[in-house]
Each structure stands twice: as structure tokens, then as C-alpha cells.
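Inspection log for the structure reproduced underneath, given as C-alpha cells.
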Amino acid sequence: MRPTLVAVFSVLFACTGESIYHPDDKGDDTPPGEADADTDAAPIIRFVALGDVGEANEDQYAVADAMASVCADKTTVDRAGCDFALLLGDNFYDAGVDGVDDSQFQTKFEDPYSVVDFPFYVVLGNHDYGELGLYAWQSDYEIEYSDHSDKWTMPSEYYTFEVEHAQFYGLDTHALMVESLWGTSDQRTWLPTEQAASVATWQIAFGHHPYISNGPHGNAGAYEGYEWLPIANGETIKDFMDDYLCGQVDLYLCGHDHSRQWLEPTCGTEFIVSGAGAKTSDFEDRGNAVRFEDYDDEGFMWIELNGNTLTGEFWNKNGTLDYSHSYTK
């Protein structure tokens with residue numbers, strides 16, 4: 001596999017107290033995203049998560065409008081309704097972009113999300129590497145676009161950032177899936193090193209492929225029901241997640257299946273699929289227990305981290321709240 005970008009990339013957002021950096025950027029002794037000086041108040045983070053958006057269709061615009069409305073309604077005098085978004089891959093259907101000046105950046109990202117003014121932290125999906133997922137160099141264009149947009153943030157194929165009391169790990173799950181073709185991903189040494197260095201209360205990972213899902217793609221290690229088919233079955237993704245996500249992160253957010261699912265906790269971790277940002281697909285009988293699932297409506301996930309309490313809400317494209325759940329760790 002070609003090497004991951006190692007240049008220093010740091011951006012500060014004063015409104016949320018957050019910073020983003022590649023793991024090699026260790027020069028500053030002050031931790032990025034250090035909480036506000038008012039230590040008496042519980043730190044609060046609010047963000048949305050959605051994936052599989054790159055269509056520029058009516059549903060993508062409807063979800064964007066609903067997201068803007070929900071974020072506006074949740075805004076108070078002292079708190080933004082949404083601090084940022086996590087974009088969960090397959091950002092440009094069907095074959096990614098072919099340069100930093102590709103018009104799809106405008107038509108499938110800037111235009112639909114012109115209704116919101118917060119940053120998007122972006123990870124790659126299989127379609128971002130070409131229709132067959134084989135063009136490794138295409139990730140360069142999405143990384144470079146970070147220098148051309150006020151919203152789009154992708155410093156590398158995988159990266160970490162800290163906001164207040166939460167550490168976020170953006171993963172390149174497609175690189176994990178095709179390791180037999182591209183070589184073993186450096187994520188296998190990078191992620192545990194970053195996890196060991198973090199003292200954040202919340203540990204949250206986000207990527208494109210699911211660990212478990214009731215959608216057509218299904219569970220890692222048996223994607224599409226192909227336990228017997230190398231590469232396509234996602235066995236390398238399952239191995240990675242067994243080793244570094246299960247019980248190591250509090251929450252993993254993904255797309256790939258075009259639905260909204262909050263799975264029952266598995267292996268010590270919460271798993272959420274939020275891949276209905278522009279289209280939906282039916283469920284299969286995968287047998288995974290869920291708190292909530294829906295494939296009828298496009299939509300997104302809204303999350304608040306208030307001290308030790310997480311609240312998650314699934315909203316649909318009509319701006320209707322479909323499901324809400326809170327828990328305290």
C-alpha cells in the first residue's frame with residue numbers, strides 16, 4: 001500500500017475548541033482540543049454523522065436541509081446545535097473524483113451542504129477509490145481538497161483529532177479490506193499507539209465499512225454473505241476491528257449500508273450505521289440485535305456528548321425525530 005501522508009496538518013476552530021492533526025504532529029506540549037477553562041461545567045460536544053452521500057440528488061439535499069434545521073433548533077445562547085459533521089465515506093458516486101478541480105466537489109458537497117457552516121471531518125469509502133475500489137491514488141485528491149474548502153477536512157487517509165473530552169479516529173477501512181493487494185496498512189500500528197496516548201473520556205472511531213450490520217453488505221468477515229471469498233468478505237476488516245475497536249472504543253460510526261441502524265452493544269462497543277445520507281437499501285436477515293433500524297427514509301444521526309452521557313438521535317430527511325437513546329458510561 002502506498003504510504004500515508006505524513007506532513008503536519010493542524011487547524012484550530014475557536015468555536016468548538018477542537019484541533020486536528022496527523023499522529024506524527026507531536027511538537028506542541030498542549031493537547032489539541034483542550035477543554036475550556038471553566039472546569040466546573042461538563043464539557044459538551046454536538047455533532048452529526050452521515051455517509052454514502054455523493055449523489056447530488058433530491059434526497060441528499062433534503063437530508064442536508066433537515067440537518068440544518070435540526071442544528072438550528074438545537075442552538076442555544078451558549079451552545080451551537082452542531083459543532084461539526086462526520087462524513088462516513090462514499091463521498092462521490094460512482095467512481096470518486098479525478099482531480100482536486102473535479103466539479104463533483106461543488107455539486108455533491110459544497111452545494112448540498114451550503115446550508116450549514118460547520119466543518120466536515122471526512123473519511124474514504126470504497127467508491128472514493130474508483131468504481132472498483134482499485135485506484136489508490138484517488139485519495140490524494142480528497143486530501144488535497146482540504147486546502148480548497150472551508151468545510152472539508154481530510155488531512156490524510158486516516159487521522160485522529162480531539163474535541164473537548166473526546167478523541168476521534170478517522171479510519172480508512174477500504175485500505176484494510178484490500179491489504180492483500182496494497183500491503184498491510186500502517187493503521188495496525190498507528191491506531192493502538194494513538195489510543196494508548198489518549199486520555200480523553202470518550203473514544204470514538206468512524207469509518208466506512210461496518211463491523212456488524214443488517215443491510216445487504218452485512219457483517220465484516222462475511223460481507224454480502226461471502227465468507228468463502230477472499231478480500232470481498234472483509235475478513236481483514238473484522239480482524240482489525242476485533243483487535244483495535246472491540247472494547248477499545250466506546251462507539252464506532254460507519255456507512256456502506258444505506259440505512260440507519262443502532263445495533264445492540266457488541267464486544268464492548270456501540271455500533272451505529274448511518275449510511276442513508278442520499279439513498280436507502282433494504283435489510284437482509286443478518287440476525288443482529290438492534291435498538292433501532294430503518295431503511296425507508298434517508299436521514300442522519302445527531303449525537304451529544306454531555307460529560308459522561310451520550311445522547312444519540314436518528315432524524316429523517318423530513319426533519320422528523322425517529323429514535324432517541326441516551327446512556328451514561
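FYI, it's all coordinate maths here, none of it is from the lab. Source: prediction; values computed, not measured. So basically every Cβ, Gly included, is an ideal-geometry build from the backbone, and we count neighbours across all protein chains shown.
List of remarks:
- Listed peptides 190-202, 233-245 appear in the order 233-245, 190-202 once ranked by packing, highest mean of other Cβ atoms within 10 Å at the front.
- Seen through its C-alpha gyration tensor, with square-root eigenvalues sorted a ≥ b ≥ c, the chain comes out rounded because a/c lies under 1.5.
- Counting charges near Glu58 (Lys, Arg +1; Asp, Glu -1) among other residues having Cβ under 12 Å from its Cβ returns a value of -2.
- Here the stretch 276-329 is treated with +1 on each Lys and Arg Cβ and -1 on each Asp and Glu Cβ, and its dipole about the Cα centre works out to around 300 debye.
- Sorted by Cβ density within 10 Å, fewest first, the residues Tyr61, Tyr158, Tyr135: Tyr135, Tyr61, Tyr158
- Listed peptides 166-172, 98-104 appear in the order 166-172, 98-104 once ranked by packing, highest mean of other Cβ atoms within 10 Å at the front.
- Farthest toward positive dipole pole in the chain [+1 Lys/Arg, -1 Asp/Glu at C-beta], among Ile231, Ala72, Ile272: Ile272
- Taking the fewest neighbouring Cβ atoms within 10 Å as the starting point, the ordered list for His208, His325 is His325, His208.
- Taking the number of Cβ atoms within 10 Å of each Cβ as an exposure proxy, the fewest-first ranking of Asp111, Asp186 is Asp111, Asp186.
- Within the stretch 47-328: Cβ-based charge dipole about Cα centre, in debye rounded to nearest 20 (Lys, Arg +1; Asp, Glu -1): 680 debye
- Other residues with beta-carbon under 14 Å from the beta-carbon of Gly81 carry, at +1 per Lys or Arg and -1 per Asp or Glu, a net charge of -3.
- Cβ crowding within 10 Å averaged over residues, with 80-91, 141-152, 274-285 ranked highest first: 80-91, 274-285, 141-152
- Assigned charges on the beta-carbon of Lys, Arg, Asp, Glu; the stretch 151-285 dipole about Cα centre (debye): 360 debye
- Pairs of lysine residues in the stretch 47-328 - Cα separation under 25 Å, sequence separation of 8 or more or cross-chain: 8
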